[in-house]
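Novice: Input: one structure, supplied below.
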Amino acid sequence: CMRVVDGDTVVLDGGEKVRLIGVDTPETKDPRRPVQYFGRQASAFTKKLVEGKRVRLEYDRTRRDRYGRTLAYLRLEDGTFVNLEIVREGYGFAYTKYPFRYMDEFRDAERHARADRAGLWADPDSIGRTAS
């Protein structure tokens, strides 16, 4: 995996844009909106996790989103499930608008992150705020 666009989107070596299934991180790249609270931290976390590493893609029912991006789960060579790790560590929300294979695990991971006040859950008053 070469380049991280933001916390939930990466670009592979061949230029393929991949949107991570089941996770939604605060926006940093939407030109119509300001950078959201914890967006930069989420991007940095994903970057640290995957940049320069080999990843394996795993697909679910739908292979592409409406923007033409590949929808996938990413796994590192050591078995780390990148999508789930982002939610577990509190750098993103479980994105459950569309059903996916690991939905229960992701909901559970978010519940634990909230309870542990991990990452973006550390300051509950800031959720939904934009970065200053």
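Nothing in this text is a laboratory measurement; each read-out follows from the coordinates by a stated rule. Because the structure is a prediction, the values reported are computed rather than measured. FYI the Cβ positions are ideal-geometry reconstructions off the backbone, even for glycines, and counts take in every protein chain you see.
Novice: If you place +1 on the Cβ of every Lys and Arg and -1 on the Cβ of every Asp and Glu, how big does the dipole about the Cα centre of the chain come out, in debye to the nearest 20? Write down the numbers at each step before the final one.
Specialist: Working: 26 positive and 22 negative charges, 95 e Å.
Magnitude of the dipole: close to 460 debye.
Novice: Taking the simple approach of a point 7 Å from Cα along Cα-to-Cβ for both ASP108 and ARG33, what is their distance in nm?
Specialist: Reported label-point gap for ASP108 and ARG33 is 2.9 nm.
Novice: Once a ≥ b ≥ c are taken as the square roots of the eigenvalues of the Cα gyration tensor of the stretch 15-77, is the result rounded (a/c under 1.5), prolate (a/b larger than b/c) or oblate (a/b not larger than b/c)? Intermediate results must be reported in sequence, preceding the final value.
Specialist: Values: a/c = 2.17, a/b = 1.26, b/c = 1.72.
Taking the square roots of the gyration eigenvalues as a ≥ b ≥ c, the stretch 15-77 is oblate.
Novice: Now a separate question. If you filter the stretch 1-80 for GluC sites (Glu not before Pro), then keep DSSP loop positions with at most 16 other Cβ within 10 Å, what is left?
Specialist: Sparse-neighbourhood loop GluC sites (Glu not before Pro): GLU16, GLU51, GLU77.
Novice: Determine ³J(HN,Hα), in whole Hz, for all residues of the stretch 15-26 in sequence, where each value follows from phi through the Karplus function 6.51 cos²θ - 1.76 cosθ + 1.60 and θ = phi - 60°; x replaces Gly and Pro.
Specialist: Working through the residues one at a time gives x, 6, 8, 10, 9, 6, 6, x, 9, 10, 9, x Hz.
Novice: Residues with beta-carbon under 13 Å from that of GLU58, excluding GLU58: net charge, scoring Lys, Arg +1 and Asp, Glu -1?
Specialist: Once positives and negatives cancel, what remains is +4.
Novice: If you don't mind, there's one more thing I want to ask. Once label points are set 7 Å from the Cα along Cα→Cβ at both ARG117 and ARG63, what is their separation, rounded to one decimal in nm?
Specialist: Output for this residue pair reads 4.6 nm.
Novice: A further question follows. Kirkwood-based Rg over Rh for the chain (C-alpha set), two decimals?
Specialist: That ratio is 0.94, to two decimals.
Novice: Under the Karplus relation 6.51 cos²θ - 1.76 cosθ + 1.60, θ = phi - 60°, what is the ordered set of whole-Hz ³J(HN,Hα) values for the stretch 76-91, x standing for Gly and Pro?
Specialist: Going residue by residue, I get 7, 4, 7, x, 4, 8, 3, 4, 5, 4, 4, 6, 4, 8, x, 9 Hz, with x marking Gly and Pro.
Novice: Using a cut-off of 15 Å between beta-carbons, work out the net charge of the residues near GLY68 (Lys and Arg +1, Asp and Glu -1, GLY68 not included).
Specialist: Neighbour charge sum, excluding GLY68 itself: +4.
Novice: Could you pull out the longest piece of the chain with no exposed loop chymotrypsin sites (Phe, Trp or Tyr not before Pro) in it, calling a site exposed if DSSP puts it outside H, G, I, E, B and it has at most 16 other Cβ atoms within 10 Å?
Specialist: Segment 68-132 is the longest.
Novice: Then there is this: Summing Lys, Arg as +1 and Asp, Glu as -1, what charge do residues with Cβ under 12 Å from the Cβ of ARG101 carry, ARG101 excluded?
Specialist: Local charge sum for ARG101: -3.
Novice: Same structure, new question: Would you compute, from DSSP H runs of 4+ residues alone, the mean residue ellipticity of the chain at 222 nm, taking -39500 (n - 2.57) per run and dividing by the full residue count, rounded to the nearest 500?
Specialist: Helix contribution divided over all residues of the chain: -7500 deg cm²/dmol.
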